[in-house]
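Let me begin by presenting the structure, written as structure tokens, before commenting on it.
The values are calculated or read from the model by the stated rules, or taken from the named source; none is laboratory data. Because the structure is predicted, anything quoted here is derived from the model rather than measured. Here the Cβ positions follow ideal geometry from the backbone for every residue, glycine too, while neighbour counts run over all protein chains shown. When the accessible area is computed, the model is the full protein with side chains, heavy atoms only, and any ligands, DNA or RNA have been set aside. Shrake-Rupley method; radii C 1.70, N 1.55, O 1.52, S 1.80 Å.
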Amino acid sequence: MQEACDITQQDKKNQQQMNNPEEEKQAMAQTAELNEKEVGSRLFKLLEPYSQEKESLTTLNLQSKKIRDVGASIISKNTSWTNLTTLDLSANWIGVEGATVLSKNTTWTNLTTLNLSENEITSEGAIEICKNTTWANLTILNLFHSGLGVEGVIAISKNTTWTNLTTLNLGFNWFMDEGAIAISKNTTWTKLTTLDISSNMIEEEGAKAISKNTTWKNLTTLKLNGNNIRTEGASAICKNSTWTNLTTLDLSGNNAARKGPIAIELCNNATWTKLTTLVLRYNFLDAEELSAISKNTIWTNLTTLDLSKNNIGDEGAIAISQNTSWTNLTTLILQDNNIGDKGAIALSENTSWTNLTTLDLFDNSIMAAGVIAISKNPAWTKLTTLNLSHLTSESKIGCEGARAISQNTTWNLTTLELSDNKIGAEGASLISKNTHWTNLTTLNLTWNNLGSEGASSISKNTTWTNLTTLDLRNNQIGAEGAIEISKNTTWTNLTTLTLTENDIGAGGVTALCKNTTWTKLTTLDVSYNNIGAEGAIEISKNTTWTNLTKLILDGNEIGDEGASAISKSTLWTNLTTLDLAHNNIGDKGVIALSENTSWAELLTLRLLGNNISDEGASAIINNMTWMNLAKLYLQKNSVSREKRPEYVAKWPKCDICI
């Protein structure tokens with residue numbers, strides 16, 4: 001579990017001092033030459049597979065490779081890729097300098113897709129990108145979460161070169177009403193089909209301006225979620241008659257100080273006959289609005305409806321269940337709505353949704369009676385995903401509910417989520433005996449008090465040959481249960497195994513490590529299991545999990561000895577996340593970890609809550625392999641904050657918590 005920096009007021013003051021822009025700038029300058037050489041060398045290796053393609057290269061994907069401005073500069077100067085159509089440089093720590101050099105490229109005349117999302121382009125970089133007149137064939141531009149601000153978006157809106165643009169993602173750039181108004185005035189993007197301006201603090205005036213645009217006649221997808229659009233703005237959007245091809249509308253999370261029935265305006269729009277996806281999460285819909293939605297006969301093509309977090313209760317569920325127009329509905333998401341058995345029974349009686357594949361009722365108040373009714377629905381023969389996790393009723397669905405689900409032979413499930421439902425060992429046994437779900441890939445049974453007996457039952461299932469994800473955390477399975485799980489030879493496709501807080505101990509983890517079936521395992525979470533140094537040593541000896549990308553050992557008291565053992569593994573060359581928090585690791589253990597040269601792809605290192613001092617911290621800084629590190633957690637140790645500039649110098653864009 002990742003956690004934010006937990007600091008006091010004095011810590012905040014100290015951190016502000018450590019975050020002094022000039023200090024950090026000087027620190028970065030000290031290693032600029034080293035970074036340039038390192039990035040250049042690494043980028044050369046990344047581009048080596050494409051060296052023979054030259055003119056034939058059409059797609060270059062360097063997502064999350066941390067190439068920085070230096071790498072962007074190297075790429076921009078290439079004159080061989082004359083047929084390049086797709087360039088993905090997302091999440092690469094590219095700033096203004098990198099964006100500027102990229103914008104000056106005149107070789108990529110065939111470029112159609114440019115992804116620069118999750119970088120630090122800022123308004124200055126966006127202004128430069130907009131000056132490019134070479135990319136006249138650009139159809140997809142992704143600048144999500146790039147710090148564009150108002151000025152950057154205004155510059156983008158004025159671009160007249162991208163006449164072929166069909167998809168524009170400007171989500172999470174905080175450009176507010178002023179930016180939205182600028183976008184709405186663009187008359188160049190006549191082919192625009194997808195516009196994402198979510199999470200931008202847009203309010204009434206911005207929404208009204210967007211609604212008045214008459215240029216985007218081909219618009220199919222509009223994402224306005226996570227803004228501050230209230231009644232008037234939403235009403236204006238809903239009255240638009242230009243977007244006759246609209247298929248996807250997301251207005252979720254726009255509930256701030258809202259008054260008035262938005263959904264009624266929405267339902268009255270007779271233009272959006274092609275609507276397939278409607279997302280209205282967290283909008284405080286009232287009974288009148290739900291009634292209007294349920295009675296809608298215009299959205300005959302609707303495939304996805306998400307009304308989560310609206311507290312619709314049984315009354316709302318009953319209203320929704322009465323709709324007979326959505327015969328193409330495939331996905332119904334009603335999370336966190338206080339729906340009880342009465343609402344669940346009503347939903348189960350709907351026989352119009354014959355194409356339903358996903359039913360998500362997470363965090364409602366349904367008990368066994370509601371689940372029994374759902375399991376008997378004869379119409380949902382295509383159901384593949386069922387989420388009944390974290391039901392808030394005191395009795396949960398229990399063994400009785402598990403029995404009803406296990407006996408269903410109508411659904412060909414791929415995903416079953418039943419966490420926190422008190423099904424116990426008997427419920428697990430019933431679930432394990434189902435032989436109909438041959439395509440099951442994900443099984444979540446967390447917080448169900450399965451015990452070793454329940455774990456044993458699950459392990460003996462031979463039907464789920466396609467299982468990729470198994471989550472049994474907090475089930476008190478103990479060493480005995482882990483030993484039984486380890487004996488399974490059916491799950492040859494297992495990629496994620498989560499056994500958090502099960503008290504499996506060193507004996508249980510030793511058994512898991514001896515399994516040679518799970519050759520595709522990428523994620524192992526055995527946190528808070530008291531495995532100790534002995535367990536860590538056994539994990540380090542495993543030679544089967546060569547594809548491991550995430551190893552989570554939080555809270556296991558592995559100490560210096562265990563950390564040293566883990567550090568000696570040379571097989572996990574794809575490791576991106578290593579979590580050793582709360583493990584009583586001291587400087588000796590961290591120094592050993594820092595000597596590892598195999599984890600070149602490491603992005604996240606969690607060492608919080610240990611016994612590390614400045615000596616151990618210095619060892620981390622001296623590691624020359626973890627050059628891609630993006631998140632480093634060292635809080636709740638004895639590392640002085642004066643070390644921060646050194647970390648910043650080494651990893652300028654790393655999220656560092658000390």
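Out of segment 571-658, which GluC sites (Glu not before Pro) are coil in DSSP terms and have no more than 15 other C-beta atoms within 10 Å? Let's see the in-between values first.
Values: sites: Glu595, Glu601, Glu615, Glu642, Glu646; in loops: Glu595, Glu601.
For GluC sites (Glu not before Pro) across segment 571-658 that sit outside H, G, I, E and B with at most 15 neighbouring Cβ atoms in 10 Å, the list reads Glu595.
Given a Förster radius of 35 Å and the C-beta distance between Thr190 and Asn439 as r, what FRET efficiency does 1/(1 + (r/R0)^6) yield to the nearest 0.05?
According to the calculation, E is roughly 0.20.
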Farthest positive-ward along the chain dipole, Cα basis, beta-carbon charges - from Trp437, Ser241, His390: Ser241
Leu445 neighbourhood, Cβ < 10 Å, K/R = +1, D/E = -1, net charge -2
Rounded to the nearest 10 Å², what accessible area does Arg403 have for a 1.4 Å probe in the complete protein model? 80 Å²
Short version: ³J(HN,Hα) in whole Hz for each residue of segment 81-90, in order, from phi by Karplus 6.51 cos²θ - 1.76 cosθ + 1.60 (θ = phi - 60°), x for Gly and Pro, what are they? 7, 6, 9, 4, 10, 10, 10, 10, 10, 5
Determine the sum of side-chain charges near Glu178: Lys and Arg each +1, Asp and Glu each -1, restricted to other residues whose C-beta is under 14 angstrom from that of Glu178. -2
At R0 = 35 Å, how high is the FRET efficiency between Lys217 and Thr297 if r is their beta carbon distance? Nearest 0.05 is fine. 0.90
Skip the ligands, DNA and RNA, and give the accessible area per residue of the chain with a 1.4 Å probe, whole Å². 39 Å²
On full extension of the chain, what length is gained from Thr462 through Thr381, given 0.36 nm per residue of separation minus the C-alpha to C-alpha distance? 26.9 nm
Place a +1 charge on the Cβ of each Lys and Arg in the chain and a -1 charge on the Cβ of each Asp and Glu, then give the dipole magnitude about the Cα centre in debye, rounded to the nearest 20. 1720 debye
Rounded to two decimals, the Debye log10 I(q)/I(0) of segment 65-209 (Cα scatterers, no solvent) at q = 0.13, 0.15, 0.16, 0.18 Å⁻¹ is -0.51, -0.68, -0.77, -0.98
For Thr133 and Thr573, extending 7 Å from Cα along the Cα-Cβ vector and measuring point to point gives, in nm, a value of 4.8 nm
With a ≥ b ≥ c taken as the square roots of the eigenvalues of the C-alpha gyration tensor of segment 300-442, please select rounded if a/c is under 1.5 and otherwise prolate if a/b is larger than b/c or oblate if it is not? oblate
For Lys77 and Thr244, calculate 0.36 nm times their separation in residues minus their Cα-Cα distance, and state this gained length in nm to one decimal. 55.8 nm
Efficiency by 1/(1 + (r/R0)^6): what FRET value for Thr625 and Thr543, r their Cβ-Cβ distance, R0 = 25 Å, to the nearest 0.05? 0.75
Accessible surface of Val150 in the full protein assembly, 1.4 angstrom probe, to the nearest 10 Å²? 30 Å²
First check a/c for segment 177-330, with a ≥ b ≥ c the square roots of the eigenvalues of its C-alpha gyration tensor; if it is under 1.5, answer rounded, and if not, answer prolate when a/b is larger than b/c or oblate otherwise. oblate
First select every other residue whose beta carbon is under 15 angstrom from the beta carbon of Arg403; then total the charges, Lys and Arg +1, Asp and Glu -1. +2
Describe numerically, in nm with one decimal, the distance between label points set 7 Å from Cα along Cα→Cβ at Thr489 and at Trp174. 5.8 nm
Between Glu205 and Asp655, what length in nm is gained on full extension when 0.36 nm per residue of separation is reduced by their alpha carbon distance? 158.4 nm
Taking Cα pairs closer than 8 Å and at least 6 residues apart, the relative contact order of the chain in percent is 6 percent
Among rounded, prolate and oblate, which fits the chain when a ≥ b ≥ c are the square roots of the eigenvalues of its C-alpha gyration tensor, a/c under 1.5 means rounded, and a/b larger than b/c means prolate? oblate
Report in % the part of the accessible area of the chain that belongs to carbon and sulfur, leaving out ligands and nucleic acids; probe 1.4 Å. 49 percent
Run the helix sum for the chain: -39,500 (n - 2.57) per DSSP H stretch of 4+ residues, divided by residue count, reported at 222 nm to the nearest 500 deg cm²/dmol. -9500 deg cm²/dmol
